[in-house]
Each structure stands twice: as C-alpha cells, then as structure tokens.
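Read-outs: derived from the displayed coordinates by stated rules, not from any lab. Not measured: the values here are computed from a predicted model. Please note: Cβ atoms are built from the backbone with ideal geometry, for glycine as well, and neighbour counts cover all protein chains shown.
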Amino acid sequence: MTKQPTETFMEGGCQCGLIRYRVVGALVDLYVCHCRECRKQSSSAFGISVMVKSSDLVRLSGTPRIWTRHASVAGTLDCAFCPRCGTRLWHGDPDRDPTVSIKGGSLDIPPDLSQAKHIWASRKLQGILIPEGAEIHAEEPPG
C-alpha cells in the first residue's frame, strides 16, 4: 500500500506536464466528494480533494487558467486547470483563500483514501462502497 506523504512534500501536475506544483507541509484534510459537480469535474464516480494551506502550494512550472463557477452551497469557486490539456489541478485562489483543494488525481503519488471523509454521500452512485468506520456527511461537512 502506498503511504500518503503528509509531512515533507507532495508533487503533482497536469496530464501533459506543462504545469507542475509542489505542496510543502502537512495535509489539512482529505475528502472524497460524491456531489454531481465533483463527478463531472473528475469524469468519474467521485472527486478527491486534498486540502492544503495555500501558503504551502508552490507552482514549479506553467501557469494555470482559472474558470470560476457558482458553488453549490454559496458564492463562487475558482478552478485552476491546464490551458493545454485541461487537467483540473486545484480549487480555490491561493492568493486569497487560506486553503486550496488539490485535485487528488493530479498528484504523482495517489492519496491514501482509507482515512478520507466522504461528503455529499446523499448523492453517491449506487454500487460505490464507503469503507466501514469512515466519517460520512450527507452533504457539506460543518465548519
């Protein structure tokens, strides 16, 4: 099993390699999101959000483009993606927000989801099994 790096750094980037980033520091939180928006964004059964401090995100190469969409709960959400291949990299504005949500599929070493919190579980696809003992929220977690 792959051990999730939590103390030193994580690296990742887009599918074509134009954009590379590093996260120096510990994870703030880890979510598996079953909402419709995350399913569309990931083109999969759920989205993986690796929450980190914005100050810990260092862009190594390339400049992402930003697409801003209305958020399901309130306000808007800035979505960073590669202008060449379209890979979604993170959500949030590192210059404005205290944390950003790194998209788990963009990491070089995939996150260990065994301790992930499952959110918007009320919208999960049938057949998706949430591990026993996992923290589960029907919608957005409190806080």
Between residue 140 and residue 24, 0.36 nm times their residue separation minus their Cα-Cα distance comes to what?
39.1 nm
Evaluate the charge dipole of region 9-123 about its Cα centre and quote only its size in Debye, nearest 20, assuming +1 on the Cβ of each Lys and Arg and -1 on the Cβ of each Asp and Glu.
400
Grab the eigenvalues of the alpha-carbon gyration tensor for the chain, scale each by 5, take roots, and send me the semi-axes largest first in whole angstrom.
23, 18, 15
Dipole of the chain, positive end: most advanced residue of 107, 24, 9 [Cβ charges, Cα centre]
107
Sites excluded, trypsin sites (Lys or Arg not before Pro) in DSSP loops with at most 13 other C-beta within 10 Å, longest stretch of the chain:
4-95
Treat each spin label as a single point 7 Å out from the Cα along the C-beta direction, and report the residue 9 to residue 60 distance in nm.
0.7
Residue-normalised 222 nm signal for the chain, counting each DSSP H run of n ≥ 4 as -39,500 (n - 2.57), nearest 500 deg cm²/dmol, is -1000 deg cm²/dmol
